[in-house]
Every structure is written in structure tokens, then in C-alpha cells.
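Below: the structure, in C-alpha cells.
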Amino acid sequence: MYKVLIADDEPLILKNLTQIIDWPALNCTVAGTAQNGHEAVEILEKERFDLVLTDISMPGMTGIELLKQIQMIPYKPITLLISGYDDFEYAREGLKNNAFDYILKPIDYDELQECIERAIAELNQQKLNEHEYEKFFIYEWITTEKTDLEVPNKYQPYIALAVKSYEKNVEVVVQQIHENLYVYRMSDEEIIIVLTGSDDSIKECAGDVAQQIIHKASQKCIVSIGDYVDCLFDVKKSVTHARELLKFDAFTKSAIITDELIKQENKPKQSAADLMDDAISYIKNHFEQDLGIEQVSEQVGLSVSYFSHLFKQRTGVTFLEYLTNVRVDYACLLLENLDLKTYEIALKVGYTDQRYFSQVFKKKMKKTPSEYRKMVK
């Protein structure tokens, strides 16, 4: 949907412009409002809008001044001016600064609707032109890394997919899946797809696209997903990575190849004893932290229940008993060699509650920390 910003210092008009126009029916959403030009500029500098409706006469910064500020924004929205001044000079000044059109107050909402529809038609054409221009630029960039096209470095998420398939109409299948993508036939068996979006969910989106390609294609497809990049000029990195991953298709049974999959499948298989040794080492190196069985089992790549079973087999005690033994043993060492207060020792061995630490210590050592210190000294 196109994002709309409305700026007007009259709350009633601001409300009417937001509610009277059926924005969803026009494929638009009012994503921001402002009561003066300065507010509008701050909003426009933070996020991209497609359409701006602004009053000309506003305190602090007029609509004309706002229009001039908009010309300095990298992604310039289409701007419609609204004014109570029936003066051609204002209209001419606005048009000179690239206003799309000019509506007089009191607002004729039918006229405004017609004006907005023309603005949206212009946005649709711009979007189509921009898509085709960017598609050609990306093709030149990924094949030669040289281009004569003047394209600003667009900062938004991109991710490449490489498809191995001999199906002749696989491009048609792909185009039906998602609108924000570019498809390139590189050879009889290889297709490159560049997917773009507006946020980090593009990784999940790439996975969905890959699943749909495999599901809809009439012949077997292999799809690899490259690294996520956050600007246009880095697209080739993602394409190169996707192509490199596609070379692993002979070494995996998966139809979707990702970096994570390759790392997992090539990870050396460890024995249960090795995994428990790793867990014990991890406990001994992190016992002073807020350590739980979930954290340690995840560290060695096992479920909690299976880890718990293997750990007791290996050590003869439960995870909690083992952790407590390590903590108390270290606490004894501190009590024997340092003049730290009990609460300081408790913190150093992973307990934030001194009273609870003392209870645990006494249960194991049959003495309180203070009694233990007196005994060893």
C-alpha cells in the first residue's frame, strides 16, 4: 500500500482528510499526520512516504516551504497542496516546486478524490518505471559490476536466490509468487531471483518464495538462498553467495540450500561422551552466571530431556546437583584463601541471594560459610 502523510494545522480538516477519503480502497494508508511543516519534515526524514497532502498556510513553515524541503529528500513523494487562498500566485509557486496539483478550501471532496486518484496513477507508473529501471541495473551490476546507469545506492533489504531447473516456464511461476522481485534467466538451468522488501522479515520471505517455487514447479527444482544485504550496490554479494551454495546440490538431499544447512550438515558428529565433556567444561567456565539446563543443553545441541539423561549417565548426578557441587567447591576455595564477605562469595559463584547460598552451602558441607571459614583457619 502507498503511505500517505497529511499536514494541516486545523484539527477538523486533518480529521476529515484522514476519515472521509476511503484510503484503503485507493491502495493507500494514512501512515502519518502533522500539524505544521516542521513536524512533517521530521516525519519525512525518518521514513519514506509516497503521497503528501499539505495545507499551504501553516505556522512556522508554510506548505510551500515544506515543498522545497521535500525536493531535498532522496525519495520524493507526490505532493498535493491545499489552501484557502484563491490566488494563482500560490498555485504557481507550488507548481514551480513540483507540486502535483492544487486544491482550494473549502475542500470539494469529490474533486480531491479525483486528484488523489490521478496522483496514485502517477505513483503506479513511477513504480513500474522504477522497477524496470532497477531490474536492468541489477542485471548489469551482477553480470559485469559496471553500469552507465545513474542509480542512487538504495538502502533497503535485498536477498538473492539461485534456482536450478530445466523447466522452461519457471520464470512465470516465480513472477506469480511475489511482486517485489526481479527474475533473470542466466542459462538453460540457472535462474537468479533478487527479492527486495522493507524490513528484516525478507529472510523469512525468501524461504517462503523458495518453498513455493518447489511446490508449484512441474519439474524438480533446487533453490539456494544467499546472504541478506542492506543496500542495492551489495546485491552481487548475495547473488555470488547463492550461486556458491547451489554447487552443494549434489551433496545434500534438501531442495532448499542455505548457509545454515551446509554448516549443520558438515558439522563434525560428536559422540555422547564428547558432548557431555563439552557440557562439563561449559559449566566449569560459566558457573558464576545465571546458568540453567536449557542454556547448557542448547550449547551442545541436544534437547533438555535427552541432555538430562546423558548428563546423569556421565556424572552420576543431576545437572543441578553437579552445578551446585561446582559452585560450592569454588566457594570453599574462596573461603579458604580470601577475606571476602559471604554475600561477595555468593555473587562470585552464581548466587544473587546470600541466604539461599548459605542454605545450599550448609546442606552440602554441613556447616555455614562462616563456620567453614573458622574451621579451615
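The values are calculated or read from the model by the stated rules, or taken from the named source; none is laboratory data. Keep in mind that what you see is a predicted model, and the values were worked out from it rather than measured. Here the Cβ positions follow ideal geometry from the backbone for every residue, glycine too, while neighbour counts run over all protein chains shown. Just so you know, the surface numbers come from the protein's heavy atoms only, side chains and all, with ligands and any DNA or RNA stripped out. Shrake-Rupley method; radii C 1.70, N 1.55, O 1.52, S 1.80 Å.
Brief remarks follow.
- Segment 306-335 residues that are on the phi > 0 side of the Ramachandran plot and part of a loop (DSSP other than H, G, I, E, B), paired with ones that are of a type in the set (Val, Ile, Thr) and buried (at least 20 other Cβ atoms within 10 Å of the Cβ) (beta carbon under 7 Å, 6 or more apart): none
- Answer from Ala242, Ala250 - the residue that is buried (at least 16 other Cβ atoms within 10 Å of the Cβ) and among the small types (Gly, Ala, Ser): Ala242
- One residue from Ile177, Ile214, Ile191 being surrounded by fewer than 20 Cβ atoms within 10 Å (Cβ to Cβ), among the β-branched types (Val, Ile, Thr) and not in a helix (DSSP H, G or I): Ile177
- If you check Ile13, Ile6, Ile43 for being open to solvent by 20 Å² or more (accessible area, probe 1.4 Å) and touching a Leu at 6+ places or on another chain (Cβ under 8 Å), only one passes: Ile43.
- Scan of segment 270-305 for residues that are open to solvent by less than 50 Å² (accessible area, probe 1.4 Å), in contact (Cβ under 8 Å) with a residue 12 or more places away in the chain and part of a loop (DSSP other than H, G, I, E, B), ordered by number: Phe287, Leu291, Val300, Leu302
- Subset of segment 156-174 that is in a strand (DSSP E or B) and not β-branched (Val, Ile, Thr) - its residue that is surrounded by the fewest Cβ atoms within 10 Å (Cβ to Cβ): Lys164
- Counted residues, segment 69-109 - those being surrounded by fewer than 16 Cβ atoms within 10 Å (Cβ to Cβ), within 36 Å of the chain's Cα centre (by Cα), over 20 Å from Ala31 (Cβ atoms) and in contact (Cβ under 8 Å) with a residue 24 or more places away in the chain: 2
- Glu65 vs. criteria within 16 Å of Ile103 (Cβ to Cβ), acidic (Asp, Glu) and surrounded by fewer than 18 Cβ atoms within 10 Å (Cβ to Cβ): no
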